[in-house]
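The structure appears right after this line, and notes come after that.
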Amino acid sequence: LSSASEMYGTVRSPNFPEAYPRDTELRWNISVPRGYHVQLYFTHFDLEPSYLCEYDFVKVEVEEVVLGLFCGREESDTEQVPGMGALSSSNNLLSLLFHSDFSDQENHAGFLAHYAAVDVDECQERSDEEQLCDHFCHNFIGGYYCSCRYGYLLHTDNRTCRVECSGGVYRQRSGGFSSVDHPLPYPKSSDCSYSIQVEEGLVVELLFNPTFDVEDHPDLPCPYDYVQVIAGGKELGRYCGGRSPGRVVTKSHLVLVNFHTDDSGDNLGWSLTYTTTGSQCPVLLSPANGLLNPIQSEYSFRDHVLVTCLPGYKLRKGEEYLDHYQLDCQKDGSWSSDVPQCQMVDCGNPEVPPLARVVFGSHDNSTRFGATMQLSCEGDAFQLQPNITSSYNCSEGGIWTNSELGTDLPTCIPVCGLPSRPLAQQQRR
Amino acid sequence: VVGGRAAPPGLVPWQVLLAVEDASRVPAARWFGAGALLSERWVLTAAHVLHSQRRDASVVPLETEHITVFLGLHDVRDKHHSTRRSVDQVLLHPDFQPLNYNNDIALLRLDRPVRFTGLIRPVCLPKPHGQDDWPTPLPNTLGLVAGWGISSPSKASSGLTFHPSLTSDPNTTSETLQYVKLPVVEQAECEASYASRSLAYNITRNMFCAGFYEGGRDTCLGDSGGAFVMQDEGQQRWAVFGLVSWGGPEDCGSQRVYGVYTRVSNYISWILTHLDTD
């Protein structure tokens, strides 16, 4: 038994080129570094021929797989000689066995062979199913390495390409996401997490779209790849296969969707949309002479409704009069307040400038929306400044308004040169 | 006012009393004059009432703190019941000539607005000279003047007649507001009456005379700055055409000694310039 581990070398039969001895068996185990295979070729071959090489022979093997069994000097129907062709091992090992039996009728010379380590192109040798690399394979002398498409990271297995896909947080009330590259095959060897965090008071509902393809196993529940939904600290489900989970009701405002993939498979992944619904508040009725906005058939948490009044009316909230008021649907399904009522605007008694007097337009001296009043000065010695003639109206804003002065009030000023006591008339003489 | 009548309260509601003290004089002097209320803040009067008596030729107004304005006053004994204001601005006419009283007109701005009542009201201004809606006083038309000045010619101090506003001796002045109606004198007669005297008086176009040839009715010391008002025929409103300015050295109300008044219609634009900026 001989071993050879050089990158190249020679193997010859005993006594070559003299006749080889009888009853001899020699084995050469040739090994070269990984990444190479052994190429062997014979430059001389002359062994005693026999039917199916029963007497003397050379056997070339790779890990007990026979690459060739040779004897004789020339090819025949039942015997083979190595010829000029080279024999290649499928890996970095090759074993050569020389056997001679008890007779050597014609003093055959044996064989002389050379071997050499030849680089293996691992990238080319594998079939598509046995791809060494997930994305790209690069051969070099004595080995190979893998690389990934942009955006992917080479997994520690140096073969598959994974992605960093954790940490996504979705805070909108609705949205959606999918496995990476969906509907193209998803990355291998990855753990993705998608977190939905909406306000307390809302609950999340997931809807997986019909196109769903996650690697599964016919007998075991999701041993390879799976989509995991966790809500409220509990796992709601672990999904794989070709059938969409459809609607998943979480009853929580915090939902985590994890997607685990192993280092194999070529599946298309999944996508989902999510919606949130809040606690339902009772339907509101508009106040008399008022409006609600928006008007909906149902209201849920976080919905707002703005209450306003028709022109000439104002909302009364306690002792306050307001132009508008907002009601909020709360997380417990109640409104933040009752609907305030609309009351007709009352301008109140006008501020009367000194020396002025007011005459209301209606018999009941109404000061409510639409009422009118006229200002004038007491006596002839005073006049309004500015000298307006139009009346004031109680405007929808609750303020007395004049078309000429707006909300300003005139003042009463004396007319110049007018005594309050007239000069006595003189008598004609 | 000589030969006048007591003015009932409210007859002349623009009439104001000016109490003045001049500490620059030696000894310090006190006197009073009159003025006419134009608006909530402004009073029209004669410049000589507010002219500080300095010994050089420059015209210096009195310090504002030396002037007090009484409004709505009828009886000078009731000053404490009347509306009182201080002054924050004294505007003598820039061309006032103390030697001949040419341009004898001034404005006072009250430190805060006054509220108009039946006793406190403004007087109108005439149209500017040359616009004949409100003509400058035509000869022989009657005007009305009021004041708390000397009412008896025999009590007048002849030594001060050239400065009719200087004294405030309670023994010679009226306690209640007096008024008198006086006709406007032809300008030629006015000039002639003063030209015949030994002293050379200069009657300018900024002055007019009012009074009676025979005397008896006149304004006098203490009436200075008061308004010579005339009534508009159409609207029955009174406008200030003159300001009591000066008179001859004789007793007030003497024969052919007309009172001389500042012709206000010559100064309308000057007045409005200051009122408009307020």
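Tell me, please, whether a residue that is within 30 Å of A:THR156 (Cα to Cα) and in contact with an Asp or Glu (Cβ under 9 Å, 6 or more places away or on another chain) can be found in region A:193-203. Taking every residue of region A:193-203 in turn, none turns out to be within 30 Å of A:THR156 (Cα to Cα) and in contact with an Asp or Glu (Cβ under 9 Å, 6 or more places away or on another chain).
Being under 12 Å from A:ALA113 (Cα atoms), of a type in the set (Ser, Thr, Tyr), touching a strand residue (DSSP E or B) at 6+ places or on another chain (Cβ under 6 Å) and surrounded by 15 or more Cβ atoms within 10 Å (Cβ to Cβ) holds for only one residue in A:TYR36, A:TYR41, and it is A:TYR41. Of the residues screened, A:LEU202 is not one that is under 22 Å from the mean Cα position of the chain (by Cα), crowded, with 18+ Cβ neighbours inside 10 Å and under 21 Å from A:THR261 (Cβ atoms). Scanning region B:218-244 for residues that are away from every other protein chain (no Cβ under 14 Å), within 19 Å of B:SER151 (Cβ to Cβ) and either assigned to a strand (DSSP E or B) or among the basic types (Lys, Arg) (or both) returns B:ASP218, B:VAL244. The number of residues in region A:5-34 that are aliphatic (A, V, I, L, M) and assigned to a loop (DSSP other than H, G, I, E, B) comes to 3.
Does A:LEU52 satisfy being surrounded by 16 or more Cβ atoms within 10 Å (Cβ to Cβ) and not in a loop (DSSP other than H, G, I, E, B)?
No, not satisfied.
All of (1) more than 14 Å from chain A (Cβ to nearest Cβ); (2) at pLDDT 85 or above; (3) assigned to a strand (DSSP E or B); (4) surrounded by 16 or more Cβ atoms within 10 Å (Cβ to Cβ) hold for B:LEU44 with one exception: (1).
Just one residue in the set A:SER31, A:SER3, A:SER88 is touching a residue at least 60 places away in the same chain (Cβ under 8 Å), of a type in the set (S, T, N, Q) and closer than 30 Å to A:ILE141 by Cα; that residue is A:SER31. Scanning region A:299-323 for residues being assigned to a strand (DSSP E or B) and surrounded by 14 or more Cβ atoms within 10 Å (Cβ to Cβ) gives a total of 13. Per the conditions (1) loosely packed, with under 15 Cβ neighbours inside 10 Å; (2) touching a residue at least 40 places away in the same chain (Cβ under 8 Å); (3) assigned to a loop (DSSP other than H, G, I, E, B), the sole criterion not satisfied by A:GLN296 is (2). Residues A:VAL169, A:VAL81: which one is in contact with a Ser or Thr (Cβ under 6 Å, 6 or more places away or on another chain) and among the hydrophobic types (A, V, I, L, M, F, W, C)? None of the others qualify; the one that does is A:VAL169.
Counting only strands (runs of 3 or more DSSP E) that fall entirely inside region A:139-258 and contain at least 3 residues that are in contact with a strand residue (DSSP E or B) (Cβ under 7 Å, 6 or more places away or on another chain) and of a type in the set (A, V, I, L, M, F, W, C), the qualifying elements are A:202-208, A:226-231. The residues of region B:207-217 that are of a type outside the set (Ser, Thr, Tyr) and either within 14 Å of chain A (Cβ to nearest Cβ) or under 16 Å from B:VAL2 (Cα atoms) (or both), listed by number, are B:CYS209, B:ALA210, B:GLY211, B:PHE212, B:GLU214, B:GLY215, B:GLY216, B:ARG217.
Of all residues in region B:245-256, how many are surrounded by fewer than 24 Cβ atoms within 10 Å (Cβ to Cβ), of a type outside the set (Asp, Glu) and assigned to a loop (DSSP other than H, G, I, E, B)?
Of the residues in that region, 5 qualify.
Please give the strands (runs of 3 or more DSSP E) falling wholly within region A:344-429 in which 3 or more residues are surrounded by 15 or more Cβ atoms within 10 Å (Cβ to Cβ), in contact (Cβ under 8 Å) with a residue 24 or more places away in the chain and within 14 Å of chain B (Cβ to nearest Cβ).
By residue number, A:382-385, A:411-414.
Checked against (1) closer than 30 Å to B:LEU119 by Cα; (2) modelled with pLDDT under 80; (3) surrounded by 18 or more Cβ atoms within 10 Å (Cβ to Cβ), B:THR161 meets all criteria but (1). For the structure I just gave you, tell me whether B:CYS190 is crowded, with 22+ Cβ neighbours inside 10 Å, more than 14 Å from every other protein chain (Cβ to nearest Cβ) and in a helix (DSSP H, G or I). Yes; evaluated as a whole, the condition is true for this residue.
Taken together, the criteria exclude A:ASP338 from residues that are charged (D, E, K, R), in a strand (DSSP E or B) and more than 14 Å from chain B (Cβ to nearest Cβ). In region A:330-342, the residues that are free of Cβ contacts under 8 Å to residues at least 60 places away in the same chain reach residues that are of a type in the set (Asp, Glu) with C-beta atoms within less than 6 angstrom, at least six apart or across chains, in these pairs: A:SER336/A:ASP328.
Per-residue answers, yes or no, for (1) closer than 30 Å to A:ARG12 by Cβ; (2) modelled with pLDDT under 90; (3) not small (Gly, Ala, Ser):
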site	(1), (2), (3)
A:LEU96	yes, no, yes
A:ASP104	yes, yes, yes
A:HIS114	yes, no, yes
A:ASP121	no, yes, yes
A:ARG126	no, yes, yes
A:GLN131	no, yes, yes
A:CYS137	no, no, yes
A:ILE141	yes, no, yes
A:ARG149	no, no, yes
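The values are calculated or read from the model by the stated rules, or taken from the named source; none is laboratory data. Just so we're clear, the structure is a prediction, and the values are computed from it rather than from any experiment. Note that we place each Cβ from the backbone using ideal geometry, even for glycine, and neighbour counts take in every protein chain shown.
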